[in-house]
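First the structure, in the form of structure tokens, and then the observations on it.
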Amino acid sequence: MSQAVGRELGNIVGPEAVLSAPEDLMLYEYDGSVERARPHAVVFPSSTEQVAALVRWAVERGLPVVARGAGTGLSGGAIAVEGGLMIGFSRMNKILDIDIENQRAVVQPGVVNLDLSSAAAPSGYYFAPDPSSQKACTLGGNVAENAGGPHTLAYGVTTNHVLGLELVLPNGEVLHTGGRVLDVPGYDLTGLFVGSEGTLGIVTEIIVRLTRLPETVQTLLAIFDTVDDAAETVAEITARAITPAALEMLDQMTLQAVEAASQAGYPLDAAAVLLIEVEGLREQVETQAEQIGEVCQRHAARTVRTAQSEAERQRLWAGRKGAFGALGRIAPNFYVQDGVIPRTRIAETLRFIQGVGDRLGLKIANVFHAGDGNLHPNILYDARDREQNRKVVEAGAEILAFCVSLGGSITGEHGVGIEKNNLMPLLFTEQDLTVMGTLKSVFNPEGRFNPSKVFPTTKGCGEIRVPPQFPF
Amino acid sequence: MPTPSWQKNVEEIVGPASVNYQMDWLRQRGWEGAMPQAIAFPSKREEVGELLRLARAARLRVAPAGNGTKLRMGGTGQPVDLVVSLARMKRITDYPASDLTISVEAGLPVRELAAALAAERQMLPLDVPCAAEATIGGVVAANSTGPRRLACGSWRDLVLGVHFVTAEGVLAKGGGKVVKNVAGYDLPKLLIGSMGTLAVIVEIAFKALPIPPTSATFLLLFSNAAAALEASRRIRHSPLAPQALDLLDAAAGSLAGHAGLAAPFTLLVAAAGSEAVLDRFERELHSLLRGLGGDLALLRSEEESALWRTVQELTPTFLRSRPDGIVVKVSLPLTEMGGFLAQTQTTAAANAINSASVARAGSGIVYCYLSSGTEAGDAVDKQLVRTSELLLEAAERAGGRAMVEWCPAAVKSRMNLWGTPRDDFAWMRRVKEAMDPGGMLNPGRFYGGI
């Protein structure tokens, strides 16, 4: 990048908020996915006006623009595939308003998910979507990806909690959608923008709903000797409509990694465990916990343990939310899938996944949102081995195709990005994609924002690039 | 009757028995303005596609419909040539009950949907107006909701996927059938509440909810709005989480025709769960009400459902008795409801207009029913229009939004139905132009005359 360009960007955001040295840019060429690509420059605006000015600057130079929160995304949403200007939101990290009486908060996109809940908690409220990365991920990224989390089983995903947005559009215009109140007249543009993965607009302000903290929370750990028993338990809890707040499954390989990393209190010899949380009114929680205990026993649970203290509960959740990181102890790399299936079909799907792993000689660890049927098979591998890379891609595509064949989806909460865009035709017809393309052309006709994402490109189906090796 | 060639084509598509040239079907349903040439009743989605392709080629304007309960809703609209009613498309296409999801064709009447779900002890918040006739497609297209949206959410929280026919007559879909899915743009969100102006919804997948084991409704009777709203506030901040929390003034109570709603303000608290949960509600409500002076009555079983039926049907009840009346739907910050309710009463009184209000007190949504105290006439219409417009302004001043949901055809063109447009309006127009370039679908009926 020329010094003149650096000066121009510095004039917009201040010289201290521009990164253009190769060693600085290297830190912004990856996110939580397996892809890498280097932006031409990274800038950190501190206001909506600066974002709009940066977009206009990029328009004049014909450069792509990619927004980035904390870079925890798992589908490559924040990767500057075609280079260009990356807008980082770490300076737009203010909670602008917490309005408890109206159950709303207004935040900048760089606010960390958990920080909002922590800020509202003293008043008895919180922000319900809780991605596993919530200690790091930002609300702007949550909006872009329509992020989920364990507790979305009862409370819904990000889109169910976002009521209004301020965005900068690819033409540099600032747009306000929705508002603080429900049912605003006109089309639900907020609903269209949430989950559009930065391809329609860049969010600069978010109005969210705050949810009352439950009176009582009970956390149960059900331990099973077979994966099938655990899966059937999930199916029956769903069929009996008991609706826990969270219903997570961890298989043996995951349990062993988690325990090695954090001593969360999970058994090492179980085939699978269910981590179940029931919340709400005391009377209701007691009944639900009893019913769930019964269902677990009927499906041969070895034991059902109730967390006896908040500390024990926090340890179990820390283990669950840290599971992806813990898998690093087993293999240098993992490729996490995000397929969704009907909740009644978990047992057969896990058997299918096991079969794929056995056939291709890959270890696959499962830790997922069982209550939603949202699988997270983690395919463990070594990225330096090109043959393994190929097999990982093959396994991932096979698993997602199986999910779709059961009436499911290729992604429940991680987004399509550049990871699954070429798998979109598994789920959507050319006609479906044409309608989505029509909407993209309304807001982002030149494909300036987050190019090459979501929609299939001309690449061969299922291809992911081998991460480049670095000389250190 | 001599039939121009496109009508013959319509007959070829859906069969001659499924085309209606007698406009009584529309007249009985309150259709206003110029009559279309034909009503087609397709029996499957491919026929809807063919009809729209025909309409496009013949440059016809089309109004999608279900059972026609909302034909008077929204703007005047431009004259249409063809009404496409999905009333014959009423199959349940997939109901894996143990997965708590259901997919149905758009023409399924909501009462049939409710019955199918109830057979599995499941439900959707189908406590919508005109529940005896409305179709689920129409309910979703109009984003029509009722009291239980407080606990169950609105359609944007419950719709998993939508199949639709585009203005080009192409079958397409968005979303899916599983409870979690972020693949592709969220087209269902865009279609919910779009009043058939972007595409014709032909099938919808929902997340179903369990029917709670038992329920009860507490009537809290107050002499003034401030005490009622304070009670509502305390309940919202309590752990109780009621299914519904509706506040009716005496005029709304009288409109509902229910003897239990005669107090100046009645707060309805719907509780659901086990008997232990209901006991807890009763105990907590007694302590929450301390110092507010409200009386408390309890309704259960058939008495309870009958009460809620009258509340959910307030809009059609009002429009039947006052066809010249106006219904204003207001969305407010919760803290502004009290001020707004007071202003409604004073504004109406100052203009010699009768007003009744029901507030979804946990959601900030208020329905105002305005009618003249005297014989209809031009001067009366002026006062009605004036009052509505003042309420729209008051809502916006309070940080809310408002729209005229229903009003007589005679005054529609003379009044602002949708309040002050924001910077998103231009983009909504562009979305409409991109999805329906010829302006074929329901032209002029939607927000801002889209």
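Bear in mind that the values in this text are calculations on the coordinates, not laboratory data. All values derive from a computational prediction rather than experimental measurement. Here the Cβ is made from the backbone with ideal geometry for all residues, glycine too, and neighbour counts use every protein chain on show.
Send over the semi-axes of chain B's equivalent ellipsoid, whole angstrom and largest first, taken as the square roots of 5 times the C-alpha gyration tensor eigenvalues.
Largest first, chain B gives 37, 27, 19 Å.
Counting other C-beta atoms within 10 Å, and keeping those with at most 13, which DSSP coil GluC sites (Glu not before Pro) do you find in segment B:251-300?
Those that pass, being in a loop and sparsely packed, number zero.
Could you give me the radius of gyration and the Dmax of segment B:14-116, taking only the C-alpha atoms into account and expressing both in angstrom?
That works out to 15.1, 48 Å for Rg and Dmax.
Just to confirm the filter: which trypsin sites (Lys or Arg not before Pro) across segment B:391-450 are DSSP coil and have at most 12 other Cβ within 10 angstrom of their Cβ?
For trypsin sites (Lys or Arg not before Pro) across segment B:391-450 that sit outside H, G, I, E and B with at most 12 neighbouring Cβ atoms in 10 Å, the list reads B:ARG414.
What is the distance in Å between the Cα centres of segment B:249-284 and segment A:1-67?
Each part's Cα centre sits 57 Å from the other's.
How big is segment A:107-153 along each principal axis, measuring the range of its Cα positions in Å and listing the largest first?
28, 26, 14
Percent relative contact order of chain B, based on C-alpha pairs within less than 8 angstrom and at least six residues apart?
16
Please give the net charge around B:LEU240, taking every other residue with its beta carbon less than 10 angstrom from that of B:LEU240, where Lys and Arg add +1 and Asp and Glu add -1.
Local charge sum for B:LEU240: +2.
What per residue convex hull volume, in Å³, do the alpha-carbon atoms of segment B:32-182 yield?
121
Return the equivalent ellipsoid semi-axes of segment B:99-206 as a descending list in whole Å, where each equals the square root of 5 times an eigenvalue of the C-alpha gyration tensor.
Semi-axes, largest first: 21, 16, 13 Å.
Starting from the coordinates of the alpha-carbon atoms of segment A:264-339, obtain the Kirkwood hydrodynamic radius over all distinct pairs and give the value in Å to one decimal.
Evaluated on segment A:264-339, it is 14.7 Å.
Once the piece of chain linking A:ILE330 and A:ASP225 is laid out straight, how much longer is it, given 0.36 nm per residue of separation minus the C-alpha distance between them?
35.6 nm
Evaluate peptide B:355-365: per residue, the Cβ atoms of other protein chains within 10 Å of its Cβ; return the mean as an integer.
Partner-chain Cβ atoms within 10 Å, mean over residues of B:355-365: 1.
Give the calculated FRET efficiency between B:ARG386 and A:ALA4 to the nearest 0.05, with a Förster radius of 51 Å applied to their Cβ-Cβ distance.
With a Förster radius of 51 Å, E is 0.25.
Which order do B:ASP378, B:ASP246, A:ASP115, B:ASP99 fall in if you start with the one that has the fewest other Cβ atoms within 10 Å?
B:ASP378, A:ASP115, B:ASP99, B:ASP246
Taking a quarter of the surface of the Cα convex hull of the protein assembly as shown, what do you get in nm²?
For the protein assembly as shown, averaging the hull's shadow over all directions gives 37.5 nm².
For each of B:TRP308, B:TRP6, count neighbouring Cβ atoms within 10 Å of the residue's Cβ, then give the residues from fewest to most.
Starting with the residue having the fewest Cβ neighbours, the order is B:TRP6, B:TRP308.
So the label point goes 7 Å from the Cα of B:ARG283 along Cα→C-beta, right? Which residues of segment B:240-257 then have their backbone N under 17 Å from it?
B:240-241
Sum -39500 (n - 2.57) across every DSSP H segment of at least 4 residues in chain B, then divide by the residue count to get the 222 nm mean residue ellipticity, nearest 500.
Computed ellipticity for chain B at 222 nm equals -10000 deg cm²/dmol.
Which whole-angstrom value gives the distance between the alpha carbon centres of segment A:89-106 and segment A:194-209?
15
Volume per residue, Å³, of the convex hull around the alpha-carbon atoms of segment A:350-465?
With only Cα atoms used, segment A:350-465 gives 123 Å³ per residue.
Which ³J(HN,Hα) values, rounded to whole Hz and listed in residue order, are derived for segment B:229-235 from phi using the Karplus coefficients 6.51, -1.76 and 1.60 in 6.51 cos²θ - 1.76 cosθ + 1.60 with θ = phi - 60°, glycine and proline given as x?
3J(HN,Hα) across segment B:229-235, in whole Hz: 6, 5, 4, 4, 5, 5, 5.
What ³J(HN,Hα) values, in whole Hz, does the Karplus curve 6.51 cos²θ - 1.76 cosθ + 1.60 give for segment B:326-334 when θ = phi - 60°, with x put for Gly and Pro?
Calculated HN-Hα couplings, in order: 10, 10, 9, 9, 10, 10, 10, x, 4 Hz.
Separation between the B:THR420 and A:GLU312 pseudo-spin-labels, each 7 Å from Cα along Cα→Cβ, expressed in nm?
5.8
For segment B:304-450, just list the percent of Cα-Cα distances falling in each 5 Å bin from zero outward, please.
It works out to 2, 9, 18, 19, 19, 15, 11, 6, 2, 0, in whole percents.
Helix B:425-435: angle to the longest alpha-carbon principal axis of chain B, degrees 0 to 90, nearest 10?
Relative to chain B, helix B:425-435 is tipped by roughly 40 degrees.
Starting at the first residue of segment B:441-450, write each ³J(HN,Hα) from the Karplus equation 6.51 cos²θ - 1.76 cosθ + 1.60 with θ = phi - 60°, in whole Hz, x for Gly and Pro.
Going residue by residue, I get 8, 6, x, x, 7, 9, 2, x, x, 5 Hz, with x marking Gly and Pro.
With a cut-off of 8 Å between alpha carbons and a minimum separation of six or more residues, what is the relative contact order of segment A:263-371 in percent?
About 23 percent, as a whole number.
Along the Cα-to-Cβ line of A:ARG298, 7 Å from the Cα, sits a label point; which residues in segment A:225-239 have backbone N less than 16 Å from it?
A:229-239
Output the 0 to 90 degree angle, nearest 10, between the alpha-carbon long axis of helix B:301-312 and the longest principal axis computed from the alpha carbons of chain B.
Around 60 degrees separate the two axes.
Of the lysine pairs in chain A, how many meet both conditions: Cα atoms under 17 Å apart, and a spacing of 8 or more in sequence or different chains?
Lysine pairs, 8 or more places apart or on different chains, close enough: 7.
For segment A:358-412, divide the Cα radius of gyration by the Kirkwood radius and give the resulting Rg/Rh value with two decimals.
Reported Rg/Rh (Cα atoms, Kirkwood Rh): 1.00.
Per residue Cα convex hull volume for segment A:147-258, in cubic angstrom?
Considering the Cα atoms of segment A:147-258, their hull volume per residue is 174 Å³.
Could you state the orientation-averaged shadow area of the convex hull built on the Cα atoms of segment B:397-450, in nm² to one decimal?
The directionally averaged projection comes out at 4.6 nm².
Determine, for B:TYR367, A:TYR30, the number of other Cβ atoms within 10 Å of each Cβ, and report the residues in order from fewest to most.
Lowest count first: A:TYR30, B:TYR367.
Any idea how far the Cα center of segment B:346-406 sits from the one of segment B:1-78, in Å?
34
How compact and how long is segment A:55-114, expressed as Rg and Dmax of its alpha-carbon atoms in Å?
Computed over the Cα atoms of segment A:55-114, radius of gyration and Dmax are 14.9, 46 Å.
Can you pull a Stokes-Einstein diffusion coefficient for chain A at 4 °C (1.567 mPa s), Rh from Kirkwood over Cα pairs, as a whole number of µm²/s?
The Stokes-Einstein estimate is 56 µm²/s.
Label A:GLU60 and A:GLN354 with points 7 Å out from Cα along Cα→Cβ: what is the distance between them in nm?
Inter-label distance under the simple model: 6.2 nm.
Just flag the trypsin sites (Lys or Arg not before Pro) in segment B:66-147 sitting in loop per DSSP whose Cβ has no more than 16 other Cβ atoms within 10 Å.
Sparse-neighbourhood loop trypsin sites (Lys or Arg not before Pro): B:ARG88, B:ARG91, B:ARG121.
Take A:GLU286 and B:ARG91, extend 7 Å from each Cα along the Cα→Cβ direction, and tell me the distance between the two endpoints in nm.
For the pair A:GLU286/B:ARG91, the computed spacing is 4.9 nm.
So what does the Cα-only Debye profile of segment B:187-326 read at q = 0.13, 0.17, 0.18, 0.19 Å⁻¹, as log10 I(q)/I(0), no solvent term?
So the normalised log intensities work out to -0.70, -0.99, -1.04, -1.09.
Based on the Cβ-Cβ distance from A:LYS135 to B:ASP378, what FRET efficiency comes out when R0 is 51 Å, to the nearest 0.05?
Once the sixth-power term is evaluated, E becomes 0.20.
Please give the calculated 222 nm ellipticity per residue for chain A, where each DSSP H segment of at least 4 residues contributes -39500 (n - 2.57) and the sum is spread over every residue; nearest 500 deg cm²/dmol?
Helices in chain A give a 222 nm mean residue ellipticity of -10000 deg cm²/dmol.
Roughly how tilted is helix A:252-262, in degrees to the nearest 10 and between 0 and 90, from the longest Cα axis of chain A?
Helix A:252-262 and the main axis of chain A meet at about 70 degrees.
Out of B:ASN143, B:ASN181, B:ASN354, any idea which swings most in a Gaussian network model of chain B, alpha carbons joined below 10 Å?
B:ASN181
Using alpha carbons only, what's the Rg to Rh ratio of segment A:263-405 with Rh from Kirkwood?
A ratio of 1.01.
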